[in-house]
1. Go over the candidates B:V13, B:V4 one by one and state the one that is closer than 25 Å to A:S94 by Cβ and surrounded by 15 or more Cβ atoms within 10 Å (Cβ to Cβ).
2. Taking A:R44, is it out of contact with any His (no Cβ under 7 Å at 6 or more places or on another chain) and not in a strand (DSSP E or B)?
3. Against the condition among the β-branched types (V, I, T), more than 14 Å from chain B (Cβ to nearest Cβ) and not in a loop (DSSP other than H, G, I, E, B), how does A:T55 come out, does it pass?
4. Which of the residues belonging to region B:52-82 are over 13 Å from the mean Cα position of the chain (by Cα), within 25 Å of B:E15 (Cα to Cα) and surrounded by 12 or more Cβ atoms within 10 Å (Cβ to Cβ)?
5. Given the condition outside any strand (DSSP E or B), over 12 Å from the mean Cα position of the chain (by Cα), of a type in the set (S, T, Y) and under 16 Å from B:K101 (Cα atoms), answer yes or no: does some residue in region A:62-69 qualify?
6. Need pairs with beta-carbon distance below 8 Å; first residue on the phi > 0 side of the Ramachandran plot and within region A:5-17, second modelled with pLDDT of 95 or more and surrounded by 14 or more Cβ atoms within 10 Å (Cβ to Cβ); sequence gap 6+ or separate chains.
7. Looking only at region B:27-69, count how many residues are modelled with pLDDT of 95 or more and among the charged types (D, E, K, R).
8. Can you name the residue in region A:86-105 that is at pLDDT 95 or above and more than 8 Å from chain B (Cβ to nearest Cβ) and is also farthest from A:D26 (Cα to Cα) among such residues?
Amino acid sequence: NAGVTQTPKFQVLKTGQSMTLQCAQDMNHEYMSWYRQDPGMGLRLIHYSVGAGITDQGEVPNGYNVSRSTTEDFPLRLLSAAPSQTSVYFCASSSPGTPSSSSYFGPGTRLTVT
Amino acid sequence: AQTVTQSQPEMSVQEAETVTLSCTYDTSESDYYLFWYKQPPSRQMILVIRQEAYKQQNATENRFSVNFQKAAKSFSLKISDSQLGDAAMYFCAYRTNRDDKIIFGKGTRLHILP
């Protein structure tokens, strides 16, 4: 199993550009989510999904869109990048309801918006 | 709303000594999980230890153990026989059993002194 994969690892965007951060998992997990990590802020939830076709907003959703057409993939779209979106982005997945349920994290994407 | 507080932004410990990282949380839920994640310079989020709220026994994983005080909403991490490889950012995290939304503390940076 590859676990949770994210692409790209690094990205530089100009203000106003759009892009999609990719996230895929091969563990057949129902739950997937996106977090951003900023210095001194810990990780904050952007969007999450409890299954294919179902998404909801987290703590900091503005400026981001998501969709979940398959169990495996959960892309994060930045429609018009802003310098405030400079951050490290993590995707996570888990399978709920089991006693040993844990979230698995991807390796992260470092995004810089100039 | 649930919150997680880590009151120690940075800590240092001598190699081979024991160190305790503090975490408190606030929730009205009765069924939840608590986690400690380690984030080394590689940025990867690594699960250190997990505690189910319904279990009274404190979780242990080799040199890592927790002191879970449910009534006080406290969840501290003890690292015994500290090693240079333990140097990292440590995040305390909370998750309900209903969904995959994880609430993170702001982290404690742990330095190991040789």
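The values are calculated or read from the model by the stated rules, or taken from the named source; none is laboratory data. Everything quoted here is computed from the prediction, not taken from an experiment. Reconstructed Cβ throughout: ideal geometry from the backbone, glycine too, with neighbour counts over all protein chains shown.
1. B:V4
2. No.
3. Criteria not met by A:T55.
4. B:R63, B:S80, B:S82 - these are the residues of region B:52-82 that are over 13 Å from the mean Cα position of the chain (by Cα), within 25 Å of B:E15 (Cα to Cα) and surrounded by 12 or more Cβ atoms within 10 Å (Cβ to Cβ).
5. For region A:62-69, residues outside any strand (DSSP E or B), over 12 Å from the mean Cα position of the chain (by Cα), of a type in the set (S, T, Y) and under 16 Å from B:K101 (Cα atoms): absent.
6. Filtered contacts from region A:5-17: A:G16/A:A81.
7. The number of residues fulfilling the criteria is 2.
8. A:T86
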